[in-house]
Amino acid sequence: MIKKIIKQFTDWIVIFKKIIFHSKIRKYVFSNPRSLLYTKYDSVIENALYGKANELLRNRELEITIEDYLSSYNIENKKEEINIPIKYQGPTDSISVFETQVLCKLTKGIKAKSIFEIGTFEGRNAVNIANNIDKNAKFYTLDLPQKICKFEVGKYIKEKNHKIVQLFGNSEKFDFSKFHNKIDIMFIDGYHHYKTVLLDSENAMKCVKDNGFIVWHDLDFTQLGTSYAIFQICKKYNLQLKKISGTVMGIARKKPGNIIK
Ligand SMILES: C[S@@+](CC[C@H](N)C(=O)[O-])C[C@H]1O[C@@H](n2cnc3c(N)ncnc32)[C@H](O)[C@@H]1O
């Protein structure tokens, strides 16, 4: 309890220092005072710094249904049943059941054999997707080491689930080299901060095969730092970014010949 109060207090000191010394953040907080009621102060800072994502998110051409998206790439939208074993949607869950279905449709449509998720959390998404992939397919999922997480990383992942490979490490420092050009779908749902999302996306560009897909979670007005990083990476590699209707998921297909800088 005392630790929590001290943490809250230090967060306040950090944000007040930033409000005082950074004019962009000061302006944002004065015009959105309610933002200070957020518990995640770092989101307040990110939203203040990357406000330009607001305008990009308003683009009406950004959104598309999953059905239209798949058909735009001639990907079969299989009608076969999607089985989602862990449906519970508690306050800490991040992926909705519909978002899981979207990922499953893409996975089945392209017959994905290798999927890489950054951000395992309790492993709900990993188990749900792995339940719908080919028996020879692999679902790699990376999260921070257990000793620095307050929750049980991958608690839903049972040992006998041979399709799931749990990896531990900080995505900013993780060595992705053995996954280069090996991944069909990379799902980015780790640290939701501009610089990390940018770095995770650069790594995704290296890991995903030509014509493979990158899917980002939190392309949304509430996560402007994450959203701006997604727009930036798609601009850099000339990727056609779309947002799937009814979700906060961005998606882009890696083009053959994309030169990764
Ligand atoms: C939003 S949750 C992921 C939810 C999960 N994809 C699901 O659908 O259940 C974000 C996760 O990213 C992890 N994370 C945060 N920073 C990270 C980093 N630098 N490297 C790896 N994982 C990170 C957190 O520990 C957290 O478990």
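Count of the stretch 98-141 residues, restricted to those that are part of a helix (DSSP H, G or I) and within 11 Å of the ligand (Cβ to nearest atom), is 9. Look at the stretch 68-85: where a residue is in a loop (DSSP other than H, G, I, E, B) and a partner is exposed (fewer than 13 other Cβ atoms within 10 Å of the Cβ) and charged (D, E, K, R), sitting 6+ places away or on another chain with Cβ atoms under 8 Å, you get N77/E67. On inspection, D200 qualifies as acidic (D, E) and surrounded by 24 or more Cβ atoms within 10 Å (Cβ to Cβ).
May I ask you to verify whether Q240 is on the phi < 0 side of the Ramachandran plot and not in a helix (DSSP H, G or I)? Break it down stepwise before answering.
On the way: on the phi < 0 side of the Ramachandran plot: yes; not in a helix (DSSP H, G or I): yes.
It is true that Q240 is on the phi < 0 side of the Ramachandran plot and not in a helix (DSSP H, G or I).
Restricting attention to the stretch 190-202 and to residues that are hydroxyl-bearing (S, T, Y) and near the ligand (Cβ under 10 Å from one of its atoms), the residue that is modelled with the highest pLDDT turns out to be T196. Checked against the criterion of being in contact (Cβ under 8 Å) with a residue 40 or more places away in the chain and closer than 27 Å to I230 by Cβ, the stretch 27-44 has at least one qualifying residue. Of all the numbered requirements in (1) of a type in the set (S, T, N, Q); (2) more than 13 Å from the ligand (Cβ to nearest atom); (3) more than 23 Å from E202 (Cα to Cα), Q146 misses one, and that requirement is (2). Of the residues F213, F221, F187, the single one that is within 15 Å of the ligand (Cβ to nearest atom) and of a type outside the set (D, E) is F187. Taking the numbered list (1) farther than 26 Å from K108 by Cα; (2) modelled with pLDDT under 95; (3) surrounded by 13 or more Cβ atoms within 10 Å (Cβ to Cβ); (4) in contact with a helix residue (DSSP H, G or I) (Cβ under 8 Å, 6 or more places away or on another chain) in turn, E152 passes all entries but (3). Only residues that are surrounded by 20 or more Cβ atoms within 10 Å (Cβ to Cβ), under 23 Å from Q101 (Cα atoms) and more than 16 Å from the ligand (Cβ to nearest atom) were counted across the stretch 224-242, and they come to 1.
The values are calculated or read from the model by the stated rules, or taken from the named source; none is laboratory data. These numbers come from a predicted model, not from an experiment. Here Cβ is always computed from backbone atoms with ideal geometry, including for glycine, and neighbour counts include all displayed protein chains.
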